[in-house]
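This report concerns only the one structure given below.
The values are calculated or read from the model by the stated rules, or taken from the named source; none is laboratory data. Bear in mind that the values here come from a model prediction, so they are computed numbers and not experimental data. Positions of Cβ are generated from backbone atoms using ideal geometry, with glycine treated the same way; all protein chains shown enter the neighbour counts.
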Amino acid sequence: MQYLPVTVDSFSQYMSAISKFEPLDRQTELELARRYKQHHDVEAAQRLTCANLRFVVKIANEYRAYGLRMLDLIQEGNIGLMMAIKKFDPERGIRLISYAVWWIRAYIHNHIINNWSLVKIGTTQAQKKLFFKLRQTREKLLRLTGSNDTAAIADELEVSNQEVNEMSARLHGRDSSLDVAISDDSETSHLDSLADQRPDQEQRLLEYETVQQQHSVIASALATLNEREQHIIRARLLDDNKLTLQQLADHYGISKERVRQLEKRALEKLKQHLTETMENNGNDMSIAALLT
């Protein structure tokens, strides 16, 4: 037997297909569950799955108000059902669906939370509880007591007032596309009204000239060093693949401490030259910036 394909564009076709599978009586279900548990019988698992697909649809239907595709909810519920079958213990004396309902809802809940908003809507247990129970609890309290204030909801769900307020704001502020028109009779979208945060042409030119000036000053400063000092400074500070003191010591056949001394002396020369250059030009660029 093959698994039924769930087409993403035809809910009625899917319902027609799964209606062909009859529910299992208790004894048949027990025998199939034992076959899968003891022998990993794939056919037994398939029969258990197909017999309970309509129940998954019934549970998924409870979450239509969240605005997600029904077939996506069903698909997630089906994964939860198969996970339940994998973990089900037939010797516990309960029906499969009584155990599977928790797994089905868990997978549907996870799908809704991950897809309801681009911003994570529920990461803690309290937030997840609020996400699925807030509206239901608010309506229940209003019906029973005529009031649904924050404190009453927080007390009913055993969370804080702040958590209730935060979740209310999140649920009220559902994501919307920037490509959607501002109004029905307008061709202007929200995207058109966003300010361009990129630097303008004048600012880019100023940044380019500043970088070029820095490179020129550094090149001038390096020219005051001898060949070995230049190599050490480039290898230690300026090159992408920087060398260690030991690598330079091995290269020149000297001690690591001697390389350290040469590097220190070269840096002192550079700093002196850069300081004089900055003072003469009235430039406030930092020496540290020029050496990075």
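Here is a yes/no grid of residues against (1) modelled with pLDDT under 95; (2) touching a Lys or Arg at 6+ places or on another chain (Cβ under 7 Å); (3) among the hydrophobic types (A, V, I, L, M, F, W, C):
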| residue | (1), (2), (3) |
| --- | --- |
| GLU31 | no, no, no |
| HIS39 | yes, no, no |
| ALA60 | yes, no, yes |
| TYR63 | yes, no, no |
| TYR66 | yes, no, no |
| ASP72 | yes, no, no |
| GLN75 | yes, no, no |
| ILE79 | yes, no, yes |
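Of the residues that make up the stretch 45-57, is at least one within 23 Å of the chain's Cα centre (by Cα) and among the β-branched types (Val, Ile, Thr)? For the stretch 45-57, residues within 23 Å of the chain's Cα centre (by Cα) and among the β-branched types (Val, Ile, Thr): absent.
Out of all the residues in the stretch 1-9, is one or more outside any helix (DSSP H, G or I) and of a type in the set (Asp, Glu)?
The first filter runs over the stretch 1-9 and keeps only residues outside any helix (DSSP H, G or I), leaving 1-9.
Right, trim to of a type in the set (Asp, Glu) and you get 9.
Within the stretch 1-9, one or more residues are outside any helix (DSSP H, G or I) and of a type in the set (Asp, Glu).
For the stretch 200-228, the set of residues classified as modelled with pLDDT under 80 and assigned to a loop (DSSP other than H, G, I, E, B) consists of ASP200 only.
Please work out if ARG105 is surrounded by 17 or more Cβ atoms within 10 Å (Cβ to Cβ) and under 25 Å from the mean Cα position of the chain (by Cα). For ARG105, the condition - surrounded by 17 or more Cβ atoms within 10 Å (Cβ to Cβ) and under 25 Å from the mean Cα position of the chain (by Cα) - is met.
When residues in the stretch 244-253 are screened for being more than 50 Å from the chain's Cα centre (by Cα) and farther than 13 Å from HIS231 by Cβ, 1 of them pass.
Restricting the search to the stretch 53-76, which residues are assigned to a helix (DSSP H, G or I) and farther than 19 Å from GLU22 by Cα?
Initial filter on the stretch 53-76 (assigned to a helix (DSSP H, G or I)): 53-61, 64-66, 70-76.
ALA60, ASN61, ARG64, ALA65, TYR66, MET70, LEU71, ASP72, LEU73, GLN75, GLU76 - these are the residues of the stretch 53-76 that are assigned to a helix (DSSP H, G or I) and farther than 19 Å from GLU22 by Cα.
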